[in-house]
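Notes to accompany the following structure.
What follows is calculated from the coordinates using simple rules that are stated; it is not laboratory data. Small disclaimer: the values here were computed from a predicted structure and weren't measured. Note that we place each Cβ from the backbone using ideal geometry, even for glycine, and neighbour counts take in every protein chain shown.
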Amino acid sequence: MTIAVKPDACKLDACPALVLNADYRPLSYYPLSLWSWQDAIKAVFLDRVNIVAEYDMQVHSPSFAMSLPSVICLKSYVKPLRAPAFTRFNVFLRDNFECQYCGSAEDLTFDHVVPRSKGGLTEWKNVCAACSPCNVRKANKLPKGAGNVPRQWPYVPSVEDLNRNGRKFPPNYLHESWMDFLYWDSELQP
């Protein structure tokens, strides 16, 4: 089936679908699990998702019209990873995008707490977020010798740790239909 897209295509690009797992929780919070409107419609036609909420916008073919999904739920449960990947982004997310020595959020890099020149490994328990000035000041010294002790010692985070930290950094745009499934700054009723 061919879907005709009107000149308002740029508006369509601003209509991603929030993707929920079969348990109605987002697949990830940071980055937020979003699919483009094209991927969402394809998943609907392939019967891989249920539509939970829709936008007030439609796409049309000559014989068919469909509201764009704003929230979709997978029909099959995707088991979350047991351990998050060791990436620069995940180190920053674990450390709340703050230098672990001074608290700055500017010019972040990562630091080996035990320098590689002293046998330190590039792994979760030895790497933390650091701003460039603190990283240069510490150089290849041990934390106590440099007078720079991390506020929080590096650790291996769980996926839930990263999701919890990710909730502190909501994306610039949250559609109102997503709010029942996201818990950023939401006050719970007694």
*asked:* In whole Hz and in residue order, list the ³J(HN,Hα) couplings for segment 64-81 that follow from phi through the Karplus curve 6.51 cos²θ - 1.76 cosθ + 1.60, θ = phi - 60°; x for Gly and Pro.
replied: 8, 10, 9, 6, 6, x, 9, 9, 10, 10, 5, 7, 10, 5, 9, 5, x, 4
*Percent RCO, i.e. relative contact order, over the chain, from Cα pairs under 8 Å lying at least 6 residues apart*: 20 percent
*Picking from E54, E176, E160, which is most flexible by a Gaussian network model of the chain using Cα springs under 10 Å?*
E176
*Residues with amide H under 5 Å of L20's amide H, sequence separation 5 or more or different chain, H placed in the peptide plane at 1.01 Å from N; which?*
I72, C73, L74
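Taking only Cα atoms of the chain, what ratio of Rg to Rh do you get with Rh as the Kirkwood inverse-distance radius?
Numbers: Rg = 21.7 Å, Rh = 19.3 Å.
Rounded to two decimals, Rg/Rh equals 1.12.
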*Starting at the first residue of segment 85-99, write each ³J(HN,Hα) from the Karplus equation 6.51 cos²θ - 1.76 cosθ + 1.60 with θ = phi - 60°, in whole Hz, x for Gly and Pro.*
5, 7, 10, 4, 4, 5, 5, 4, 5, 4, 8, 6, 6, 10, 4
*Normalise the Cα radius of gyration of segment 78-190 by 2.2 N^0.38 Å (N = residues in it) and let me know the number.*
1.26
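Exposure proxy check: L182, L174 ranked by fewest other beta carbons within 10 Å?
Values: L182 18, L174 13.
In order of increasing Cβ crowding within 10 Å: L174, L182.
Kirkwood Rh over alpha-carbon pairs of segment 9-80, then Stokes-Einstein at 4 °C and 1.567 mPa s: what D in µm² s⁻¹, rounded to an integer?
Numbers: Rh = 12.4 Å.
Rounded to a whole number, D works out at 104 µm²/s.
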*asked:* Could you list C134, C73, C102, C128 so that the one with the fewest beta carbons within 10 Å of its beta carbon is first and the one with the most is last?
replied: C102, C73, C134, C128
